[in-house]
Structure formats: C-alpha cells, structure tokens
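**Student:** Dropping a structure here in structure tokens format, bear with me for questions.
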Amino acid sequence: MIEEYYFAKSVSDALFFLKENQGQARIIAGGTDLLLDLADEKKHAAKLVDITHISELAEITVEENFMRIGAAVTHTQITRSPHIQKHFPALAAASGKVGSLQIRNISTLVGNIINAQPAADGAVALSALDARIEMMSEGSLSTLPLDDAYLGTGKSAVNSQAQLVTGVIIPLPQKNQSSAFIRLEQRKALALPMLNVAVNVTLDASLEGFVRAAIVMAPVGPKPTHAMEAEAFLQNVPVTPDTIRQAAQLAAKEANPRTSLIRGSREYRINVLPVLVQRALDQAIQQIKQDNHLM
Ligand SMILES: Cc1cc2nc3c(=O)[nH]c(=O)nc-3n(C[C@H](O)[C@H](O)[C@H](O)COP(=O)(O)OP(=O)(O)OC[C@H]3O[C@@H](n4cnc5c(N)ncnc54)[C@H](O)[C@@H]3O)c2cc1C
C-alpha cells in the first residue's frame, strides 16, 4: 500500500527524498509500468517520488554534438518534436508506437528504458542510435550506454530506489546518416510488438556505399539485440539490393525469439524478420537520399 506520494521540486529534492526513505521509496514518472507492477507485487514501494513536475527534466535540448531528452519527456512529446523527427526518425516512429495516445501522453522514454522489457519500443530505437543514459546518485553524475542499462528481461542496472536518471543523450547524426524503425504487430493500436527493428545507417559521400549500419532487433533475446554479424557485413560494402538482402538474412540467423501466444511462433518471426530489416534499411537509405535532395 502506498503511504505517501511526493512531487519532487528538483533533482536534488527527489534524491533527498529517496535517501530519507531508504529502501521504502521509488521514483515514478508516468506510472504506466510501475503502478501495474506494484499492484501485481512484482515491485514494492511504500512511498513514491514523482519526477514529472521537475521542469529541468521536461526539456528536449539540442547541444553541439548531441541531443538531451529529459526524464520527464513523454512519448507524445517525442513523436511530435520537429528536432527528433528530423535527427532521429527511428525514435519518433518508435515512441509513436507505444500503447495508445493516452498511454503516450503520460509515459516517458526513460521509464520505457528502466522497465527493461526486451521489445520496449523506445529502447530498441535508442540502442540503434548509440544512446547513453545520464543519472544522478549521491551528488555524482554518471552516464551508461543504453545497452548496459539492461541486465536482463525486466532487470535494469538502475536502482530506482537510489538513483535518478536525468535523461538520455543521443549523438547527433553525422552527414549521410539516418535511422528507421519498423514494427510488426497484430493491429494498429494498443498492440504489443511481435517484432521491432531499428536501424541507423551511414552512407559514404557518393551515397552508393555503406560506411556502417547499426541493426537492433527485438524481442529476440533478453534485451534489444544488435545483429552483430550483419552490422560487420555492412561495413564499407556497396548499397545494392543484394547486400541489403544478405544483411537481412544474417540478422535473422542471429535472432533467437521464443514461441509466444501473444507474439507468434518462433518460426514465423524468424521468417518475417529479414523483411523488416530490409524495409528498415531501405527506409533509412531513402531518408538519407531525401536529405541530400536526391529524391
Ligand atoms: C496499456 C499499455 C500499453 C503499453 N504499450 C506499450 C508498447 O506498445 N510499447 C512499449 O514499449 N511499452 C508499452 N507499454 C509500457 C509503458 O507504457 C512504457 O514502458 C512507458 O514508456 C513507461 O514509462 P512511464 O513513465 O510510465 O514509467 P513508470 O511506470 O513511471 O516507471 C517505470 C520504471 O522506471 C522507473 N523510473 C521511471 N523514471 C525514472 C527515472 N527518471 N529514474 C530512475 N527510475 C525511473 C520506475 O521506478 C519504474 O521502475 C504499455 C503500457 C500499458 C499500460
């Protein structure tokens, strides 16, 4: 049972509350994951400290080489941000897929990461975008690569009873770089992903060769999974239907999905995965060409 619900006024206020109530208190943002987990007794907290009224956490800022998205920023804000649409189309698309409009209006990108589900849409996109999380604990600021924030399914490296993630940092795209996110689902709203794929592609100056590509797939393991062989294959090879097809096939070989009543059989998902990877790569390449006014 929740004894106290506290709206923190600042980051230090939230951390002070956690320290004063050591082991009893936990951070809450939108509550769309946490309140269910508390009701199901998967998590326990007597006191909740809400961080959504901390104005410095509600901002999306573009710095010289990176973008920072504050921990109180919702999926709706992300989907609608012109900066995110321009620099990180994969993230804008991924946040736009989360739950329903009501869910997106209150739930945060940071909550999506810390809940640590393998197919968390926002986290899958962030993994392809080489993002880091930034957190405060006991007065010290540290950062952690997104991939290291996952310890396993539902297990985060962040201790939300003592540490406060202040935001996500994403390197701004280089020249001829763009990203895409594709999701397979059973219906258009409030559906869990059967598969989701995010890519981040960099092409050379001629736009006819890959420099590199990040390919992240989920849920095919305990966390968003890089298709490492496919990523290695796409270094410095020409952009052709054949290289894209080969990369997509390699990615499927690296995936290890389980058969699931909700998400479909293992065989079906392994067969359909290359199509999603191919589409995501094609989409990112089209975007780069469009950015170069070639389309
Ligand atoms: C009906 C429904 C549909 C959904 N559909 C999808 C979907 O399609 N795709 C998808 O990816 N997710 C989906 N979700 C899951 C959920 O909405 C997302 O994971 C959401 O982004 C969580 O954000 P939140 O702000 O609500 O997190 P909360 O529930 O507030 O918190 C989640 C966890 O993160 C911790 N936490 C939050 N903020 C911080 C912080 N700043 N520092 C430290 N710890 C923190 C909390 O203590 C908690 O453990 C759905 C949920 C529901 C209820």
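**Student:** In whole Å, largest first, what are the principal axis extents of the Cα atoms in region 153-215?
**Tutor:** Computed over the Cα atoms, the extents are 50, 34, 18 Å.
**Student:** Next up: Need the list of aspartates and glutamates near Lys97 for cross-linking: C-alpha distance under 14 angstrom, and skip anything on the same chain fewer than eight residues off.
**Tutor:** Candidates past the 8-residue exclusion: Asp121, Glu185.
**Student:** Also, I was wondering about something else. Would you be so kind as to identify which of Ser55, Ala119, Leu195 lies farthest towards the positive end of the dipole of the chain, taking Lys and Arg as +1 and Asp and Glu as -1 on Cβ and the Cα centre as origin?
**Tutor:** Of the candidates, Leu195 comes out farthest on the positive side.
**Student:** Cβ neighbours within 10 Å, averaged per peptide: list 88-101, 56-69, 224-237 in order, most packed at the top.
**Tutor:** On the way: 88-101: 22.9, 56-69: 15.1, 224-237: 18.6.
Ranked by mean Cβ neighbours within 10 Å, highest first: 88-101, 224-237, 56-69.
**Student:** I would also like to ask the following. Peptides 280-289, 44-53: what's the order by average Cβ count within 10 Å, highest mean first? Could you put the intermediate results ahead of the total?
**Tutor:** On the way: 280-289: 21.0, 44-53: 18.0.
Ranking, from highest mean packing down: 280-289, 44-53.
**Student:** Then there's this: Lysine pairs in region 141-295 with alpha-carbon atoms under 26 Å apart, 8 or more places apart or on different chains: how many are there? Could the numbers behind the result be given before it?
**Tutor:** Working: Lys155/Lys223; Lys155/Lys253; Lys175/Lys289; Lys188/Lys223; Lys223/Lys253.
Lysine pairs, 8 or more places apart or on different chains, close enough: 5.
**Student:** For the Cα atoms of the chain, what angle does the longest principal axis make with the long axis of helix 266-291, in degrees from 0 to 90, nearest 10?
**Tutor:** Helix 266-291 sits at roughly 80 degrees to that axis.
**Student:** Something else about it: Based on Cβ point charges of +1 for Lys and Arg and -1 for Asp and Glu, what charge dipole magnitude is obtained for region 177-291 about its Cα centre, in debye rounded to the nearest 20? Walk me through the numbers before you get to the answer.
**Tutor:** Numbers: 13 positive and 10 negative charges, 130 e Å.
Computed charge dipole of region 177-291: roughly 620 debye.
**Student:** Pull up the DSSP beta bridges for the chain and report the antiparallel fraction as a percent, rounded to 5.
**Tutor:** Numbers: 42 of 50 bridges.
That works out to approximately 85 percent antiparallel.
**Student:** Given that compact globular proteins tend to follow 2.2 N^0.38 Å, what is the ratio of the alpha-carbon Rg of region 78-185 to that value? Each step should come with its number before you reach the end.
**Tutor:** Working: Rg = 13.8 Å, N = 108, 2.2 N^0.38 = 13.0 Å.
Ratio of Cα Rg to 2.2 N^0.38 Å: 1.06.
**Student:** Using the eigenvalues of the Cα gyration tensor, what equivalent ellipsoid semi-axes result for the chain when each is taken as the square root of five times the eigenvalue, whole Å, largest first? Could the numbers behind the result be given before it?
**Tutor:** Details: eigenvalues 231, 92, 48 Å².
Each semi-axis is the square root of five times an eigenvalue, giving 34, 21, 15 Å.
**Student:** How do 193-201, 159-167, 29-37 rank on mean C-beta neighbours within 10 Å, highest first?
**Tutor:** Details: 193-201: 27.7, 159-167: 20.4, 29-37: 18.8.
Descending mean neighbour count gives 193-201, 159-167, 29-37.
**Student:** A follow-up question, please. When the Kirkwood hydrodynamic radius is evaluated over all pairs of different C-alpha atoms of region 158-290, what value in angstrom, to one decimal, is obtained? Working shown, then result.
**Tutor:** Numbers: mean 1/r = 0.0635 Å⁻¹.
Answer for region 158-290: a Kirkwood hydrodynamic radius of 15.7 Å.
**Student:** A further question follows. Taking the Cα atoms only, what angle lies between the long axis of helix 241-254 and the longest principal axis of the chain, rounded to 10 degrees?
**Tutor:** With rounding to tens, the tilt is 40 degrees.
**Student:** Using Cα centres only, tell me the gap between region 196-233 and region 118-174 in whole Å.
**Tutor:** 19 Å
**Student:** Take the Cα gyration tensor of region 4-171, multiply each eigenvalue by 5, square-root it, and list the three semi-axes largest first, rounded to whole angstrom. The partial results should precede the final answer.
**Tutor:** Details: eigenvalues 112, 60, 46 Å².
They are 24, 17, 15 Å, listed largest first.
**Student:** If you don't mind, there's one more thing I want to ask. Relative to the longest principal Cα axis of the chain, at what angle does helix 11-20 sit, 0 to 90 degrees, rounded to 10?
**Tutor:** Approximately 60 degrees, to the nearest 10.
Readers should treat all values here as calculations from the given coordinates under stated rules, not as data from a laboratory. Bear in mind the structure is a predicted one, so any value in this text is a computation, not a measurement. Glycine also receives a Cβ, built like all others from the backbone with ideal geometry; neighbour counts cover every protein chain displayed.
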